[in-house]
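Q: Questions regarding the structure given below will be posed in turn.
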Amino acid sequence: MSSDELRKRFLAFFRARGHTVVPSDSLIPAKDPTLLFTGAGMNQFKDYFLGIKKEMKRAASCQKCFRTGDVEQVGQTPSHLTFFEMLGNFSFGDYFKAEAIRFAFDFLTVELKISPDRLWASVYEEDEEAYRIWTQSMNYPPERIVRFGAKENFWPSNAPADGPNGPCGPCSEIYYDYGRCLIGRTCPDPDHCSPACSCGRFVEVWNLVFTQFDRQSDGKLAPLPAKNIDTGMGLERLAAVTQDKMSVFETDGFEPIIEVLVHLLRDEAPGTLRADQRGAVYAIADHLRALTFLIGDGVVPSNEGRGYVLRMLLRKAERAGMTLGLKKPFLYKLVPVVTKIVAEGYPELTARRESIAKAIQAEEEKFQQTLEEKLPLLRQEIRGAGRPSTEPAPDLIGGSGRPEGTGLRQPVMVSPSNHDRKILTAEAAARFYDTHGLSYDEIVEVCRQENVIPPSREDFEKALNLLQAGSKASSKFGGEIFAKNTLQELIVQVARKTEFIGYDQLTAQAKVIGLIQENQMVKSVKAPAALGVILNRSPFYGESGGQVGDAGTLAGPEGKLKVTDTQWVGSVLFHRAELVEGKIQVNDPVAAEVDSKRRRQVAQNHTGTHLLHSALRKILGEHVVQAGSLVAPDHLRFDFSHGRGLSSQQRESVESLVNEWIAAGLGVSVEQTSLERARAAGAMALFGEKYEDQVRVVSIGEVSKELCGGTHLNSTREVGLLTIAEEGSIASGVRRIEALSDQTALDSMKMEVARLEQDHERLMKRNKGLEKEKSSLKVKVKGAV
């Protein structure tokens, strides 16, 4: 059964059982700064698990996931991956263990017709309830049920002893029995083999998590008032089972990639692929899938955060290719294979295929250049050690220190058997890896050529882990799915949703239902003070989709407030305000008024952004897609996929086309429709953005149609004018345009004209001076003759 068919059957199965089928979230978690990447199906349902949202009781999804915890195992085992799809069904205080186990067993044995004799189950050793359900309700043979401890069968792993605090619970896992060991492995006890054995005969297919406890700070497991179900099943592993393959790399999701890669190897590195090279091929196939999906969701290579992870993964794949004999960029050539395989499940990647390939190619070429430039740099540093220096040198080469009174670096560590050889420290090697992208193997090879002793791999990895741990600690990203969000926890005490009425009106009567000051809910506040205000209804637009939040005023019976910013916190609008006069109290009626001039300026730039996007696609090509934006009152910023800078002619053409559309007075219309109908009508979606079933489509004449929740004008003529102020690169394959509209654009042009006039006047004065000097020289020359 194909992977596409499995995905469709899973979602249809749970839809028929009352589950809302929810599309995959982006690999960049929507509105969750606590996570670097989406690593599980339940991530996007966090608010439901915490009780903040209550609209759904049952959900099912096929979630794109990315994890790097086991990246070194990828290609070395039959099932480890960095990118995978997680099939999951979820219950938010609705059904519990009995139904979850029954659903899972029925899907596998009835829907997919997998023989029950091939399935085993595991339960947490203290979970008697789950054990009874399996043995009594399901009538499952006790000899095919194994009990594991908290490390294997509790989520998070070993949470009762180690934490973290918060929602947790036991697991029950379902295993598939292949009936044979993995090639190269033997079972120590074939007659009593079980999922506890490491011979590879059994593979975990489905994990059912019963979230029933709230771990306290003292380690106690308090029962949750509402018990939840969170399940996860890897689509790739399920495909291996149904296609009778013992490795995910032999399934339909990988075989086409591997086939093309092997052909590429034969063309560029002739010879038969050896068995010991297969792991590198598998790793490349996995990393390429991950790169394609990550870039498709808006991640761009950089030296920090998500971009850093992307860059290191690409270089890891590139190095794997080098071990196979591929010396030139090759990953980008395989992108069309990946997008073709996943086209049914993720058609948006097909539209981005060219831009993804270009981004990967640019990064591959950059890495090649890094190797060409940085390998000589490492050699230079090693050879330069011991030369006179007037400054203390970085600790690149290990030594016993710099003797007092000398200007010499002391890079040599004396070894009894190699007293004349230098030793490269593990810290220095790790720094070269982290800073310059040189792998351990590349560093060792240079050391060999320079007769320098390299650090052991173990010491290198320890030093690298310490170095990267410092980087992670400074990155503001955490790993806990249920990390506390103080503001959201405060707001949910008084509100779960704000009625937004700001599309149709800029003023409204509302009621104060919550006040927050210094991270605490308060009943009243006296001026002067900074605070947060929650209303039952609001005309203020909350920051989202790149558009900044509204500003304006709130006037109550006894106080006046200046709203400086508005943000969405979950489904609630949070108004950041300054109380400038009197006092404000919970339950006060207030007159809310948006700054209309500022809102109009923002709308001019937002409509201008849509026009700019369309013009770029028309002039540069359909590969151009939005990679980010900022819509503010005084300017707009637009990031887009494109491999090179705009020529002066292209820049002028884009600007002229936008202003032609502005002058044409094209109508701007808004329609609410289903996501499916919007896509069928050709509406462009922002890749990586999460959309509900009902979406808002903004159309501008026949030149633009985008999914957008922002505020806009009624006619393009109201934009007035648009000028491109700056254009440049922000990452491999990603460009950025800064632009101005209407009066701001005119003011900028006036300043530029004034500057040119000043330059012209200065040049004229200088020219007159030169003419006088020239005449004087002529007189002198004539007198000398």
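The values are calculated or read from the model by the stated rules, or taken from the named source; none is laboratory data. As the structure is a prediction and not an experimental result, all values here were calculated from the model. Note that each Cβ is placed from the backbone with ideal geometry, even for glycine, and that neighbours are counted across all protein chains shown. The area values use the complete protein model at the heavy-atom level, side chains included, leaving out ligands, DNA and RNA. Shrake-Rupley method; radii C 1.70, N 1.55, O 1.52, S 1.80 Å.
Q: Looking only at the stretch 1-16, which residues are under 22 Å from residue 46 (Cα atoms) and either of a type in the set (A, V, I, L, M) or open to solvent by 40 Å² or more (accessible area, probe 1.4 Å) (or both)?
A: Within the stretch 1-16, 11, 15 meet the criteria.
Q: Still on this model: Within the stretch 351-360, how many residues are farther than 13 Å from residue 622 by Cβ and outside any helix (DSSP H, G or I)?
A: Total satisfying the criteria: 0.
Q: Let me ask you something else. Taking residue 553, is it open to solvent by less than 20 Å² (accessible area, probe 1.4 Å) and either closer than 14 Å to residue 508 by Cβ or in a strand (DSSP E or B) (or both)?
A: In short, no.
Q: Filter the stretch 217-234 for residues that are open to solvent by 40 Å² or more (accessible area, probe 1.4 Å) and either under 30 Å from residue 261 (Cβ atoms) or among the hydroxyl-bearing types (Ser, Thr, Tyr) (or both) and give the result.
A: Matches in the stretch 217-234: 217 only.
Q: Moving to a separate point now. Within the stretch 323-350, can you find the residues that are part of a helix (DSSP H, G or I), surrounded by fewer than 17 Cβ atoms within 10 Å (Cβ to Cβ) and not charged (D, E, K, R)?
A: Across the stretch 323-350, the qualifying residues are 323, 336, 347, 350.
Q: Could you list, in sequence order, all residues of the stretch 684-742 that are open to solvent by 40 Å² or more (accessible area, probe 1.4 Å), touching a Lys or Arg at 6+ places or on another chain (Cβ under 7 Å) and of a type outside the set (Val, Ile, Thr)?
A: Scanning the stretch 684-742 gives 684, 687, 727, 729, 736, 738.
Q: Further question: Of the residues 260, 300, which is touching a residue at least 40 places away in the same chain (Cβ under 8 Å), assigned to a loop (DSSP other than H, G, I, E, B), open to solvent by 10 Å² or more (accessible area, probe 1.4 Å) and among the aliphatic types (A, V, I, L, M)?
A: 300
Q: Please work out which one of (1) crowded, with 21+ Cβ neighbours inside 10 Å; (2) modelled with pLDDT of 95 or more is the condition residue 560 fails and give its number.
A: The single condition residue 560 does not satisfy is (1).
Q: Tell me yes or no: at least one residue of the stretch 54-74 is more than 19 Å from the chain's Cα centre (by Cα), without any contact (Cβ under 8 Å) to a residue 12 or more places away in the chain, under 30 Å from residue 276 (Cβ atoms) and in a helix (DSSP H, G or I).
A: yes
Q: From (1) modelled with pLDDT of 75 or more; (2) within 30 Å of residue 304 (Cβ to Cβ), pick out the condition that doesn't hold for residue 391.
A: Here residue 391 meets the rest and fails (1).
Q: Restricting attention to the stretch 538-586, report how many residues are of a type in the set (Lys, Arg) and closer than 25 Å to residue 605 by Cβ.
A: Qualifying residue count for the region: 2.
Q: Please find, among 632, 678, 627, the residue that is of a type in the set (A, V, I, L, M) and open to solvent by 30 Å² or more (accessible area, probe 1.4 Å).
A: Criteria check complete, one pass: 627.
Q: Let me spell it out: the conditions are (1) of a type outside the set (Gly, Ala, Ser); (2) within 27 Å of residue 493 (Cα to Cα); (3) modelled with pLDDT of 90 or more; (4) buried (at least 19 other Cβ atoms within 10 Å of the Cβ), and residue 20 meets all of them except one. Which number is the exception?
A: Evaluating residue 20 over (1) of a type outside the set (Gly, Ala, Ser); (2) within 27 Å of residue 493 (Cα to Cα); (3) modelled with pLDDT of 90 or more; (4) buried (at least 19 other Cβ atoms within 10 Å of the Cβ) leaves (4) as the failure.
Matching residues to (1) over 16 Å from residue 325 (Cβ atoms); (2) at pLDDT 90 or above; (3) open to solvent by 20 Å² or more (accessible area, probe 1.4 Å); (4) in contact with a helix residue (DSSP H, G or I) (Cβ under 6 Å, 6 or more places away or on another chain):
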| residue | (1), (2), (3), (4) |
| --- | --- |
| 236 | yes, yes, no, yes |
| 240 | yes, yes, no, yes |
| 246 | yes, yes, yes, no |
| 255 | yes, yes, yes, no |
| 277 | no, no, yes, no |
| 282 | yes, yes, yes, yes |
| 295 | yes, yes, no, yes |
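Q: Now, a different point. Select from the stretch 489-515 the residues that are closer than 14 Å to residue 570 by Cβ and open to solvent by less than 70 Å² (accessible area, probe 1.4 Å) and list them in ascending order.
A: Of everything in the stretch 489-515, those that are closer than 14 Å to residue 570 by Cβ and open to solvent by less than 70 Å² (accessible area, probe 1.4 Å) turn out to be 490, 491, 492, 494, 495, 498, 500, 514.
Q: Can you say whether residue 525 is farther than 30 Å from residue 713 by Cβ and assigned to a strand (DSSP E or B), as far as the supplied structure shows?
A: In short, yes.
Q: Within the stretch 246-256, identify whether any single residue is within 31 Å of the chain's Cα centre (by Cα) and within 30 Å of residue 161 (Cβ to Cβ), and answer yes or no.
A: Within the stretch 246-256, not a single residue is within 31 Å of the chain's Cα centre (by Cα) and within 30 Å of residue 161 (Cβ to Cβ).
Q: Just to check your reading of the model, which residue among 121, 98 is free of Cβ contacts under 8 Å to residues at least 60 places away in the same chain, crowded, with 19+ Cβ neighbours inside 10 Å and not charged (D, E, K, R)?
A: Exactly one residue qualifies, and that residue is 121.
Q: Could you tell me whether residue 318 is open to solvent by 30 Å² or more (accessible area, probe 1.4 Å) and either at pLDDT below 90 or among the charged types (D, E, K, R) (or both)?
A: When the stated conditions are applied, residue 318 does not pass them.
Q: Looking only at the stretch 160-187, filter to residues that are aliphatic (A, V, I, L, M) and at pLDDT 90 or above; which one of those is most open to solvent (accessible area, probe 1.4 Å)?
A: Top of the filtered list is 161.
Q: Among the residues in the stretch 199-206, are any surrounded by 15 or more Cβ atoms within 10 Å (Cβ to Cβ), touching a strand residue (DSSP E or B) at 6+ places or on another chain (Cβ under 6 Å), part of a helix (DSSP H, G or I) and in contact (Cβ under 8 Å) with a residue 60 or more places away in the chain?
A: Checked the stretch 199-206: no residue is surrounded by 15 or more Cβ atoms within 10 Å (Cβ to Cβ), touching a strand residue (DSSP E or B) at 6+ places or on another chain (Cβ under 6 Å), part of a helix (DSSP H, G or I) and in contact (Cβ under 8 Å) with a residue 60 or more places away in the chain.
Q: In the stretch 600-615, is there at least one residue being modelled with pLDDT of 95 or more and over 21 Å from residue 544 (Cβ atoms)?
A: Yes: one or more hits.
Q: Still on this structure: Determine the pairs where a residue that is in a loop (DSSP other than H, G, I, E, B) and among the basic types (Lys, Arg), located within the stretch 14-35, has a partner that is at pLDDT below 95 and open to solvent by 40 Å² or more (accessible area, probe 1.4 Å) with Cβ atoms under 8 Å apart, the partner being 6 or more residues away or on another chain.
A: 31/568
Q: In the stretch 349-363, what count of residues is obtained for those that are farther than 13 Å from residue 332 by Cα and of a type in the set (A, V, I, L, M, F, W, C)?
A: Qualifying residue count, the stretch 349-363: 2.
Q: For the stretch 68-90, check the following and say yes or no: at least one residue is of a type in the set (Phe, Trp, Tyr) and surrounded by fewer than 19 Cβ atoms within 10 Å (Cβ to Cβ).
A: Looking through the stretch 68-90, none of the residues is of a type in the set (Phe, Trp, Tyr) and surrounded by fewer than 19 Cβ atoms within 10 Å (Cβ to Cβ).
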